[in-house]
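Before I ask anything, let me first share the structure, which is written out below as structure tokens.
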Amino acid sequence: MNTAAQPQLELRGVTKRFGGVGAVDDVTFQVEKGEILGVIGPNGAGKTTLLNCISGVHRVDGGDIRWEGRSIAGLPPHRIARLGIGRIFQIVRPFGSMTVRENAAVGALFGSSAARRGLKEAFEVADQVLQLVGLKAKADHPVSALTIPDRKRLEVARAVATRPQLLLLDEVMAGLNNVEIDEALEMVRAVHATGVTVLLIEHVMRVIVGICRRAIVLDFGHVLAEGEPEVVLRDERVVKAYLGERYAKRLRGERGQDSAS
């Protein structure tokens, strides 16, 4: 089999139902190694459920999820993490009784190469990832002293400490102001620059346009559109289902300016 063009992650008709309601319905797409792929859509579209299926939190009711050609559907979260898939949840949950450095070390101890790591090496990895996300100066601080943006950075650090090949980010920019979003963007770029593939859910469109090569739009559990972010965000179906009339008016204004020029 020729694996040169094999996607790193592939979803084939993935379906997840809750009480007969299809939260994710026949979703098919691929994630290529080394890309940053954005997933957008209205609240309730199935975005977080999709990440839960990929990371093993939910068992799929139909379809298949393949990691580097191997089916991982039905595997528990810890086994999927050991294969190299890291996950950031919407709500940050650091270990409150530990320092920032100790929190990051936990990720190193339970990551994809954990069997070969001792405590000393785990702390070395922790220092590396804290430097990467901009928290090295606060390594010995208690978690309780961190701001919300810094707690999000710590969540990313813990995930990166597992040495993932693919990182799933669920609204890591939520609740941040414009300056903090810019800082978080640079953090994601820094993580990606280490060779990590990124699949992110995000509502901040300038993030999607700024760092994603492709974007997928979910609506009522279905894939509504897929392609380059600038193209997808001009799709009238996406404007109607997700972005709204205000965005549509702004978009029409931009088109008018383009035509005039």
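Examine region 216-231 for a residue that is in contact with a strand residue (DSSP E or B) (Cβ under 6 Å, 6 or more places away or on another chain), at pLDDT below 95 and assigned by TED's automatic domain parsing to the domain that holds LEU37, and state whether such a residue exists.
Within region 216-231 (the criterion being in contact with a strand residue (DSSP E or B) (Cβ under 6 Å, 6 or more places away or on another chain), at pLDDT below 95 and assigned by TED's automatic domain parsing to the domain that holds LEU37), the answer is yes, since at least one residue qualifies.
Conditions (1) within 26 Å of VAL14 (Cβ to Cβ); (2) of a type outside the set (Phe, Trp, Tyr); (3) surrounded by fewer than 20 Cβ atoms within 10 Å (Cβ to Cβ), marked per residue:
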position	(1), (2), (3)
ASN178	no, yes, yes
LEU185	no, yes, yes
ALA190	no, yes, yes
VAL198	yes, yes, no
GLY210	no, yes, yes
ALA215	yes, yes, no
ASP219	yes, yes, yes
GLU230	no, yes, yes
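Under the condition of being free of Cβ contacts under 8 Å to residues at least 60 places away in the same chain, in a strand (DSSP E or B) and touching a Lys or Arg at 6+ places or on another chain (Cβ under 9 Å), which residue from region 6-15 is surrounded by the fewest Cβ atoms within 10 Å (Cβ to Cβ)?
ARG12
Moving on to the next point. Please count how many residues of region 197-233 are more than 18 Å from LEU243 (Cα to Cα) and either among the charged types (D, E, K, R) or free of Cβ contacts under 8 Å to residues at least 40 places away in the same chain (or both).
1
Moving on. Identify, by number, the condition in (1) surrounded by 13 or more Cβ atoms within 10 Å (Cβ to Cβ); (2) modelled with pLDDT of 90 or more that ARG79 doesn't meet.
(1)
Looking at region 113-128, I want the residues that are closer than 12 Å to ARG163 by Cβ and have a partner that is among the basic types (Lys, Arg) and at pLDDT below 95 with Cβ atoms under 7 Å, at least 6 apart or on another chain. Which pairs are those?
SER113/ARG163
Within region 128-137, work out how many residues are surrounded by fewer than 19 Cβ atoms within 10 Å (Cβ to Cβ) and within 20 Å of SER97 (Cα to Cα).
2
Determine whether region 134-157 contains at least one residue that is of a type in the set (Asp, Glu) and under 24 Å from GLN30 (Cα atoms).
No - not one qualifying residue is present in region 134-157.
Right, LYS152: buried (at least 17 other Cβ atoms within 10 Å of the Cβ), at pLDDT 95 or above and among the charged types (D, E, K, R) or not?
Considered against the rule, which asks whether it is buried (at least 17 other Cβ atoms within 10 Å of the Cβ), at pLDDT 95 or above and among the charged types (D, E, K, R), LYS152 comes out as no.
Also, I was wondering about something else. Residues in region 17-63 that are touching a residue at least 60 places away in the same chain (Cβ under 8 Å), assigned to a strand (DSSP E or B) and in contact with a Leu (Cβ under 8 Å, 6 or more places away or on another chain): how many?
The total comes to 10.
Hey, any hits in region 178-187 for a residue that's at pLDDT below 90 and either of a type in the set (Ser, Thr, Tyr) or closer than 27 Å to VAL129 by Cα (or both)?
Among the residues of region 178-187, not one is at pLDDT below 90 and either of a type in the set (Ser, Thr, Tyr) or closer than 27 Å to VAL129 by Cα (or both), which makes the answer no.
Have a look at GLU124, GLU102, GLU186, GLU155 and point out the one that is out of contact with any Ser or Thr (no Cβ under 7 Å at 6 or more places or on another chain), within 20 Å of GLY210 (Cα to Cα) and either outside the structural domain of ARG206 (by TED's automatic domain parsing) or not hydroxyl-bearing (Ser, Thr, Tyr) (or both).
Testing whether each residue is out of contact with any Ser or Thr (no Cβ under 7 Å at 6 or more places or on another chain), within 20 Å of GLY210 (Cα to Cα) and either outside the structural domain of ARG206 (by TED's automatic domain parsing) or not hydroxyl-bearing (Ser, Thr, Tyr) (or both) leaves just GLU186.
The values are calculated or read from the model by the stated rules, or taken from the named source; none is laboratory data. Source: prediction; values computed, not measured. A quick note on method: Cβ atoms are made from the backbone with ideal geometry, for glycine too, and the neighbour counts reach across all protein chains shown.
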